[in-house]
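The values are calculated or read from the model by the stated rules, or taken from the named source; none is laboratory data. Keep in mind that this is a model prediction, so the values were computed, not measured. Please note: Cβ atoms are built from the backbone with ideal geometry, for glycine as well, and neighbour counts cover all protein chains shown. Accessible surface is based on the protein model in full, side chains and every heavy atom, while ligands, DNA and RNA are left aside. Shrake-Rupley method; radii C 1.70, N 1.55, O 1.52, S 1.80 Å.
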Amino acid sequence: SKYQKNMPLVTSRSLPVLRISNASKNVTKVTRNRFPRESGSGCSQSGVSTRSSCSQVPRNDINNDYHHIRISSTSSVRSASSTASTIKGGSLVIQMVRLLQPMLLIGWIMLSLMTIRHFHDDTEYEEGLLNEGSQSQTHLRQVTRVEVKSPNSMFSSSLPQHSSPIPQPLPSNKVSIVLMNHSRPRMIRESSLMRTLLAHPNVGEVLLLHSNPNTQFELVHEKVTNIDASGENDEIGLGLRFYFCQTARYDWVIHVDDDMEFDLSTLSDLIIEFSKNPQRIVGRFGRSLDFNFDFMYNGYSSVDTSRQTEVILTKLMIMERSTCGAFFEYADTIWEDIILNEGVGPLWNGEDIFMSLVANHKYGSNANNYAMDWLDVRDAPERLKDYTDGRFDVSGGLPKHALRFWDWKWWQSVARRNRHYAYRGKLWQTAKERL
């Protein structure tokens with residue numbers, strides 16, 4: 001017929017189209033079983049096995065089969081084009097990742113080097129080195145201990161080598177100890193701190209402030225007064241140490257953290273030095289602003305200072321009882337915008353910085369306080385903490401002597417420490433300007 005002359009027959013030579021559209025089983029089956037019959041009886045010319053009885057296919061069926069083949073071919077081309085676009089897009093992403101790899105590696109190395117530098121500054125004092133920021137202080141300090149064969153030899157003074165080797169007698173003044181118990185009760189019960197405090201002849205009382213009801217316990221001793229300070233902790237946070245300092249029995253008050261350990265001679269040296277001039281704060285750990293750290297920590301440096309300094313930390317300090325009240329006289333200068341709005345950690349974090357600045361303001365000197373960085377004061381064992389990774393430590397709890405770049409919790413400790421330092425630097429500069 002005229003249609004058969006103009007319309008090509010569907011034979012096995014058209015099968016490449018069927019192979020592309022093999023995803024459509026219905027179309028393949030229909031076209032395979034309805035090959036049109038060529039002239040004569042040679043239905044097997046196509047090379048495809050068909051039924052034994054071949055019949056002429058109607059025009060409508062041929063049109064339908066041809067239509068199905070064209071649709072399948074078109075969709076296959078579109079699918080192949082989409083696949084090629086996807087592969088091309090994926091290769092671009094891989095190329096971008098390869099280009100960024102060196103930049104990410106360099107950034108990670110720089111961050112690691114900065115962390116190592118600040119970590120080295122934090123632990124420098126444990127190696128017996130002084131500040132490297134001042135040439136006059138860049139030398140090793142050797143501690144000279146005078147041993148006297150007498151019952152009171154434990155209270156002899158350990159003085160720097162350039163000081164007089166003659167031991168100085170202890171003053172007759174009694175002192176009160178203010179010690180907080182919040183998250184590390186085992187430190188107080190099992191470390192040597194409490195035994196040292198109670199054994200010293202100048203210690204008249206220990207005010208044990210229990211600021212956390214979950215860790216509260218009662219320590220029974222004639223010198224110890226157990227105080228439930230959980231209510232005050234909710235209102236003034238770390239400032240409660242200066243609040244209860246005002247209720248102390250004696251004029252001289254020592255503040256000490258629960259994770260410190262030292263010998264009786266160290267405590268004697270602290271009291272003897274303070275007796276020379278009580279109108280100041282004397283302690284082991286001094287701090288000063290260093291604007292080399294201004295871009296990260298707002299000038300706060302964790303490197304220990306020596307002798308005259310601006311700030312003394314409450315890790316171990318001695319001061320007059322009357323100065324504790326001045327803390328609350330000036331507290332409103334930074335209370336709302338710094339302590340409440342920008343505070344990091346527990347309430348009134350940075351109380352030792354503010355107390356030191358207030359003491360300087362009260363006594364009329366900018367660097368009136370005194371840091372005895374040669375005293376032998378050490379950290380209590382970490383095993384006495386009931387938690388890990390320093391998550392309850394005020395300063396962030398960055399582990400000493402352990403650089404664990406592969407540990408995500410270690411990086412969290414670094415981040416907490418950095419936020420802590422930056423906040424303390426801002427508190428320091430703001431309080432100093434307003435005072």
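The distance separating the Cα centre of region 252-267 from that of region 215-232 comes to 18 Å.
The alpha carbon gyration tensor of region 222-332 gives principal lengths a ≥ b ≥ c with a/c of 1.5 or higher and a/b no greater than b/c, which makes the shape oblate. Sorting 309-317, 337-345 by their mean Cβ neighbour count within 10 Å, with the most densely packed peptide first, gives 309-317, 337-345. Note that region 165-289 presents 38 Å² accessible area per residue, ligands and nucleic acids not counted, probe 1.4 Å. Listed peptides 266-272, 189-195 appear in the order 266-272, 189-195 once ranked by packing, highest mean of other Cβ atoms within 10 Å at the front.
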